[in-house]
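Enquirer: I have a structure I would like to understand better, so I am pasting it below and will then ask my questions one at a time.
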Amino acid sequence: MGLMGVDALVASLRAAVESAPDDIPLRLHLAELLAAGGDRDGAVQHAAAVLQRDPTNAGAVRLIAATPDSNAADPDVVETQQETLRRLDAEFADVVPPMFESGDEASAGYDAESPGLRLGDVAGMTQVKERLEAAFLAPLRNPELTRLYGKSLGGGLLMYGPPGCGKTFIARALAGEMGARFLIVSLADVLDMYIGQSERNIREIFEVARRTAPCVVFLDEVDALGQKRSQLRNSAARGTVNQLLSEMDGMGGSNEGVYVVGATNHPWDIDVALRRPGRFDRMLLVLPPDELAREAVFRYHLRERPIEAIDARKLARMTNGYSGADLAYVCECAAERALTDSARAGVARMITMADLEGALAEVRPSIGAWLETARNVAQFANEDGAYDELLAYLRKRNLA
């Protein structure tokens, strides 16, 4: 092919890449042609764009490592992988944002902790505990049966329900019951201003989990991380979802002993690919605390406050439909009433039932808006039966 033919092909590929920026093979082919034609910076930029979308793409790494200025100072010295990555990061700092860090450096910000809780610390919620027993705990406690039935020690669970109902607390208690490490991941831990860095953050989080297995990776507000790709116009956000899908499939390594638990208030906003078998293949509805749990919540939030003649059981009966966060706020308001009276009188007094009942008159359940949305989904968008449990709850409360 003549020089004019090569230039025409490069121009055509540039136009194609502009119209399809996420087409990795196309962009990699363009980078290879640019490198062959001596356009080092152009080749590096497109190879870096490939790595931004696919951080483990071996072709892009080889292409960058093979560019003329990226040779080691001594060609007879065999570099380790970490040394190569550090060198490339330094050499191309003027061309692309930092993209090549060693695994130890990249994972330094993510720590899997000891949860310090057990399911016994979760009051009430019998149905939730039974589901967790079947999904995670029974296979872990019976390794012989697990091997017999070919059950893998890993998997995904999506907890959903109204806000403030203890999904994070339950996930932490589950990790403690399993004797596993606990790695909590929020949107702020993943999103980054540089294109491609968010995908790398997800990969690094799962690498930490694999190294510290057994480990529970808790994805808080997973609907923000795994939003439906059909609703995403930003290619960077789509890449984040794609990377999460890949990691949950174990493409970056074995996920044996890695348990992924997601929490969301809006499961209907999550990309359907995240809910297929092998990813979040189990869903668990976490409802407002039952009476036993509400009593425990009141006792917990009043335990270090000066109280007198408090009937936690009566308060629990009065607060059906309140979330755990609502109950904590009721206790806060009651303490505020007692504090205000004490400041006026100049003498400290105890928190009484009158304070709590007065607070209850002011604080209403906060889950009403969520229930309205959930009712529409359960009634009119439940073709696959995923929200049957939610629909049964709504009918029990005469809301559907």
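The values are calculated or read from the model by the stated rules, or taken from the named source; none is laboratory data. This is a predicted model, so every value here is computed, not measured. Note that we place each Cβ from the backbone using ideal geometry, even for glycine, and neighbour counts take in every protein chain shown. To get the accessible areas, we keep the full protein, side chains included, count just its heavy atoms, and leave off ligands, DNA and RNA. Shrake-Rupley method; radii C 1.70, N 1.55, O 1.52, S 1.80 Å.
Enquirer: Keeping every protein chain in place, order Asp220, Asp121 by accessible area at 1.4 Å, biggest value first, i.e. largest first.
Expert: If we order Asp220, Asp121 from most to least accessible, we get Asp121, Asp220.
Enquirer: Could I ask something else about it? Output wanted: per-residue J couplings in Hz (rounded whole) for region 47-54, from phi through Karplus 6.51 cos²θ - 1.76 cosθ + 1.60, θ = phi - 60°, x for Gly and Pro.
Expert: With the stated coefficients, region 47-54 comes to 5, 5, 4, 4, 5, 5, 8, 9 Hz.
Enquirer: Give me the net charge of Glu389's neighbourhood, meaning all other residues with Cβ under 14 Å from the Cβ of Glu389; Lys, Arg count +1, Asp, Glu -1.
Expert: +3
Enquirer: Specify the inter-centroid distance of region 262-285 and region 325-361, based on alpha-carbon positions, in whole Å.
Expert: Spelled out, the Cα-based centre of one part sits 40 Å from the other.
Enquirer: Can you work out the accessible area per residue across region 347-400, with the rest of the protein chains kept in place, probe 1.4 Å, in square angstrom?
Expert: For region 347-400, the per-residue accessible area is 58 Å².
Enquirer: Along the Cα-to-C-beta direction of Arg349, a point sits 7 Å from the Cα; which residues of region 290-322 have their amide N less than 18 Å from that point?
Expert: Of the residues in region 290-322, 305-311 have backbone N under 18 Å from the label point off Arg349.
Enquirer: So, by mean Cβ neighbours within 10 angstrom, what's the order for 383-391, 297-305 with the highest one leading?
Expert: 297-305, 383-391
Enquirer: Would you grab the residues whose amide H sits under 5 Å from the one on Leu158? Only those 5+ places off in sequence or on another chain, please, with H modelled 1.01 Å from N.
Expert: HN-HN under 5 Å from Leu158: Gly262, Arg282, Met283, Leu284.
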